[in-house]
1. Which residue out of 116, 128 is crowded, with 22+ Cβ neighbours inside 10 Å, in contact (Cβ under 8 Å) with a residue 12 or more places away in the chain, within 22 Å of residue 52 (Cα to Cα) and among the aliphatic types (A, V, I, L, M)?
2. Could you check the stretch 114-140 and list, in sequence order, the residues that are modelled with pLDDT of 90 or more and farther than 20 Å from residue 182 by Cα?
3. Would you point out the residue of the stretch 362-400, among those that are of a type in the set (A, V, I, L, M, F, W, C) and surrounded by fewer than 18 Cβ atoms within 10 Å (Cβ to Cβ), that is nearest to residue 332 (Cα to Cα)?
4. Taking the stated definitions as given, is residue 102 under 19 Å from residue 144 (Cβ atoms), out of contact with any Asp or Glu (no Cβ under 7 Å at 6 or more places or on another chain) and in a loop (DSSP other than H, G, I, E, B)?
5. Give the stretch 303-325 a look and list any residue that's part of a helix (DSSP H, G or I) and either farther than 30 Å from residue 371 by Cβ or at pLDDT 85 or above (or both), or say none.
6. For the condition within 18 Å of residue 174 (Cβ to Cβ) and more than 49 Å from the chain's Cα centre (by Cα), what is the one hit in 141, 111, 85, 93?
7. Condition (residue is closer than 23 Å to residue 152 by Cβ and part of a helix (DSSP H, G or I)) applied to the stretch 58-69: is it met by at least one residue?
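The values are calculated or read from the model by the stated rules, or taken from the named source; none is laboratory data. Quick caveat, the model's predicted, so the values are computed rather than measured. Ideal geometry is used to build each Cβ from the backbone, glycine not excepted, and the neighbour counts take in all protein chains shown.
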Amino acid sequence: MTIKERIFATELDTLYRSLPLPLFMSWFNSLFLAGILYNHIPKTFLYLWIFSNTLITAMRYGSYFYYRRVFESQSTKKLYYLYIIGLLLSASIWGSASLFLLFDSLVYGLIVVFVAGGMVAGALGSVAYRFETYRLYNLTILIPFIVVLLLHPSQEFHIMGFILFLFGGMLLVASKKFYIHSNNSISLQFQQEETLKALASEKMRIEELNARLSQEIKAKEETQMNLVEALKASKQSAKAKEAFFATMSHELRTPLNSIIGFSQILSRKKELPDNILTYIEKIFFSGRHLLDLVNTILDFSKLKSGKMEPHFSEFSLKDLFYEVSIICEPLAQKNSIEIRYPLFEFETIIADRRMLYQVLLNILSNAIKFSPQNDRIKCTYEHTDVHLFTFCDHGPGISSEMYEKIFEPFMQIDNIDGLNSQGTGLGLSIVKEMIEIHNGKIWVESILGKGSCFIISLPLAPGNP
């Protein structure tokens, strides 16, 4: 069966399946109309019209059940002609109402015309699956009404006839569009089915090719055993790494936060002896230091695995530096270090706020860490074709051959100068990764014995180098 024949069969099936309810409504409307006109027209005509309508309705119900029983074996053309005959008979009965049920009363004539027009309009959703079927139904009912109304001597009936003519034309246009959309939908459905069949056939062909490829792979398995074992070892190592960082996240950060929190609560107890408060303070700072180390390692892991995605937004630089100063000022005041921040008014930047906060905090923390007591740290900001930040201290400085190495993982500035290590050596590495996520740059300029300046350049718009 061709696609065109399948479309026709589907449209015919839709016509029959949508038949029962409209048939009942047509018969009910005939009874309704007969009840209104019962005492106004000859009862012989009315009984004959109702009987004919009932008989044709019963015949069409019979054709519906016949179709349900034989549609798989019977010719679609024969079933279509059977439907056309029933439709024509039904439309003819309603068209004959213009001869038997119309009389000189304008009110009752309007009721008859309204019901007949309603029958034609209601059939749009059940008969228009084939345009010629609806056209046949529309014209068979409305043409007799239009002719009778236009030939009537009353001007009011002429107006009704003209309105019915326009109404029928509009319904025909609507039915044509309905049929086109329905036909296109069915056609698209079958085209999709054909496509799925083609895809299924292609899938079978691919499966055959895969089967051949599998045989070739099996033939080479012996030479690839070492690679498979290495891959297994690599996967186990990756799982161990993930388990390690998950343990650090859940098993270390939670108790550390509890230790820090409880030590803060205890430090507020004024009734405790001074030596106990000193111990509590050491517990607090040690816990904070250890938590910073854990968070640093976790951040580094996320950056390297690509799981730390930037979330760009526009925010105030003044507010950002204020938040950074809240953390850095106590550390600086402890060593009598003055930090000179840039003067901001309404300057904003588009960046990942959390990342940029972490960058500034790490850079300033390092500057405080390596600055001598009673010293000064200077921070500046310039806005040209980029955002340019500088952080200068008067620490021991960094030799030129170490400019690049200090941004490598686990490379500590402390170790360069022979000082004791107090961190993971990941801070500047994380800073560089976060800056590069923004398509920015960071570098250092330093003179041994005089200090260092870290410079950060960020593009004006995220994603632009």
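1. 116
2. Scanning the stretch 114-140 gives 139, 140.
3. Selected residue: 388.
4. Details: under 19 Å from residue 144 (Cβ atoms): yes; out of contact with any Asp or Glu (no Cβ under 7 Å at 6 or more places or on another chain): yes; in a loop (DSSP other than H, G, I, E, B): yes.
When the stated conditions are applied, residue 102 passes them.
5. Selection gives 304, 305, 317, 318, 319, 320, 321, 322, 323, 324, 325.
6. Result of the check over 141, 111, 85, 93: 141.
7. Applying the first criterion (closer than 23 Å to residue 152 by Cβ) to the stretch 58-69 yields none.
For the stretch 58-69, residues closer than 23 Å to residue 152 by Cβ and part of a helix (DSSP H, G or I): absent.
Results for (1) touching a Leu at 6+ places or on another chain (Cβ under 9 Å); (2) among the aromatic types (Phe, Trp, Tyr); (3) without any contact (Cβ under 8 Å) to a residue 60 or more places away in the chain; (4) outside the structural domain of residue 121 (by TED's automatic domain parsing), shown as yes or no for each residue.
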position	(1), (2), (3), (4)
18	no, no, no, no
42	no, no, yes, no
49	yes, yes, yes, no
78	no, no, yes, no
84	yes, no, yes, no
90	yes, no, no, no
96	no, no, yes, no
104	no, no, yes, no
